[in-house]
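The values are calculated or read from the model by the stated rules, or taken from the named source; none is laboratory data. Not measured: the values here are computed from a predicted model. Because the Cβ atoms are built from the backbone with ideal geometry, glycine has one as well, and the counts that use them run over all protein chains shown.
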Amino acid sequence: MSEEYRPASFDLSYDSHSGTLQKMHITNDQKLIFESTVEIDDLAERNKFDRDSLSRNEKLPDGMVRVASLPMLIYQDLKQRGILDDKAALRKWLQSEEARPFRTHWVAS
């Protein structure tokens, strides 16, 4: 019966605002694999501009400091990994190379 299935990939949706592409893959062994990817080049460029144009101690009108701008896929990944619910782990992640494209402010050690 598996010989009736041929491997294939299909684009399901693309959100040009967030740069998110969702695909579905069909494998030889009758499995469906859903894949979501996000293009972060534009976001990383905007975040770098924000980071470079702000002073290290500038705050928003409500006294808060926006330290990162994340695509929803990254947010969900951090939530799944338990990083969002752990302040120490989130601070460590924000200081990592992985978080560099998403930082919008200077993160103190």
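Do you know which residues across segment 72-93 are in contact (Cβ under 8 Å) with a residue 24 or more places away in the chain and β-branched (V, I, T)? Spell out how you get there, then give the answer.
Step one: of segment 72-93, the residues in contact (Cβ under 8 Å) with a residue 24 or more places away in the chain are 72-74.
Listed by number, the list holds a single entry, I74.
Where in segment 8-76 are there strands (runs of 3 or more DSSP E), lying fully within it, with 2 or more residues that are among the small types (G, A, S) and either at pLDDT below 90 or out of contact with any Cys (no Cβ under 6 Å at 6 or more places or on another chain) (or both)?
Details: elements: 8-15, 20-26, 32-38.
Output list reads 8-15.
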